[in-house]
Amino acid sequence: MFAALGLDPAQEEVYRLLATRVDRSVAELAADTGRTTDEVGGLLTALTARGLAAAAPGAEGREAGTVYTAAPPDIALGAVLRQRRDELHAAEAGLADLAEQHHRAARDRASGVVEVLTDVAAVRHRFAQLQHSARHQVRSMIVPNLTVVPHTQNEAGTAGLRRGVRYRAILQRSALTGPGMVADVIASLTEGEQLRVADHVPVKLVIADSSVAMVPLSSARNTAAASVLVHAGGLLDALIAYFETSWQAAFPIAANTVGDGLTESRPDEIDELDARILALVLAGLTDQAAAGQLGISRRTVQRRITDLMSRAGVETRIQLGWQAARRGWA
């Protein structure tokens, strides 16, 4: 527990005994810990040198020899804790300043905006490093047949989720047919990752916060190792905007409450009657003709078409036709 304060496990064990048993001799501590007297003597020397223990003559009637007492933990270790905290704060401030200088230097030269990586080991290292650096969220787009860092080997992602980083990923639907992929996705959902699926994910992408992104060097080789790191700037802003637009258009998935499958949520699906009305109207039938075929009133057709236009956020039936195709309504 006190390793962060500079105590190794053996020193901590002896210090705890001193702190909870008032005073102990070397022989008594050796008996308590099962260590040799020489080993305990060395540990006490180290504790004394750090001001965590003090030697004193044994009490009358007690076996002759020196006894040791512990310095009050809240004073002795509290001072060390405050020093380490101050050092960490100073390091954090220094790191933030250095990072800002780095980003400023990168912005000052066009070549600093992107960084090309071709070596597989370097790509894997940067992929993990990118996630370890994330403090708030990681966005990603996942294509089928990942080989450089398979989904099951993304240990940095698991660590990020556990320290509270928000993970959002868009997965190409066909990737779910890969061996063990459904089980892997369910495990990711259980750990807290948010996942959505899309019919097609055109490019592999990962973005850490609003700081850096990684994309393939060539979109024609989407699963190859060669990659480009994109640092803060207009290009990164465009990638973030592209992800967010794609996220809105993708469909959330969740683990089934029963069994080991997945459920895809389509919040903007339309009911059967709307679908039939839309199909007839887009085929060129008048409202009256569509109503006649469906056995409903013309006003019902008009009202439902108006509602669909409102849901799609369009003002004309031509625009509705385009949105219907995009949303899978027709």
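Taking every pair of distinct Cα atoms and averaging 1/r, then inverting, what Kirkwood hydrodynamic radius in Å comes out for region 272-327?
11.1
Counting other Cβ atoms within 10 Å of each Cβ, which GluC sites (Glu not before Pro) in region 225-330 have at most 13 and sit in a DSSP loop?
Those that pass, being in a loop and sparsely packed, are Glu269, Glu315.
Compute and list, largest first, the equivalent-ellipsoid semi-axes of the chain from the alpha carbon gyration tensor, each √(5λ) rounded to a whole angstrom.
The answer is 65, 25, 19 Å, longest axis first.
Near the amide H of Leu262, under 5 Å away, which other amide H atoms are found, from residues 5 or more places off or on another chain, if H is placed in the peptide plane?
For Leu262, the qualifying residues are Asn256.
Compute the long axis of helix 272-282 from its Cα atoms, compare it with the longest principal axis of the Cα atoms of the chain, and write down the angle in degrees, 0 to 90, nearest 10.
Tilt relative to the chain: about 50 degrees.
Relative to the longest principal Cα axis of the chain, at what angle does helix 9-20 sit, 0 to 90 degrees, rounded to 10?
With rounding to tens, the tilt is 70 degrees.
Can you tell me how much longer the chain between Asp271 and Ser218 gets when fully stretched, taken as 0.36 nm per residue apart minus their C-alpha distance, in nm with one decimal?
That pair, Asp271 and Ser218, stretches by 14.9 nm at full extension.
Between Ile75 and Ala10, what FRET efficiency follows from the Cβ-Cβ distance if R0 is 35 Å, with the result rounded to 0.05?
Plugging the Cβ-Cβ distance into 1/(1 + (r/R0)^6) gives 0.95.
Can you compute the modelled spin-label distance between Thr306 and Gln293, with each label point 7 Å from Cα toward Cβ, in nm?
Reported label-point gap for Thr306 and Gln293 is 2.3 nm.
Using Cα pairs under 8 angstrom and six or more residues apart, how large is the relative contact order of the chain, in percent?
With pairs under 8 Å counted, the relative contact order is 12 percent.
With springs connecting C-alpha atoms under 10 Å apart, model the chain as a Gaussian network and identify which of Ala156, Ala169, Ala283 has the largest mean-square fluctuation.
Ala283
Can you tell me the dipole magnitude for region 111-264 around its Cα centre, using point charges on the Cβ only (Lys, Arg +1; Asp, Glu -1), in Debye to the nearest 20?
Here region 111-264 has a charge dipole of around 180 debye.
Bear in mind these aren't lab numbers, they're just calculated from the coordinates by the rules spelled out. Being a predicted model, the structure only gives us computed values, none of them experimental. When we count neighbours, we look across all protein chains shown, and the Cβ atoms used for this are built from the backbone with ideal geometry, even at glycine.
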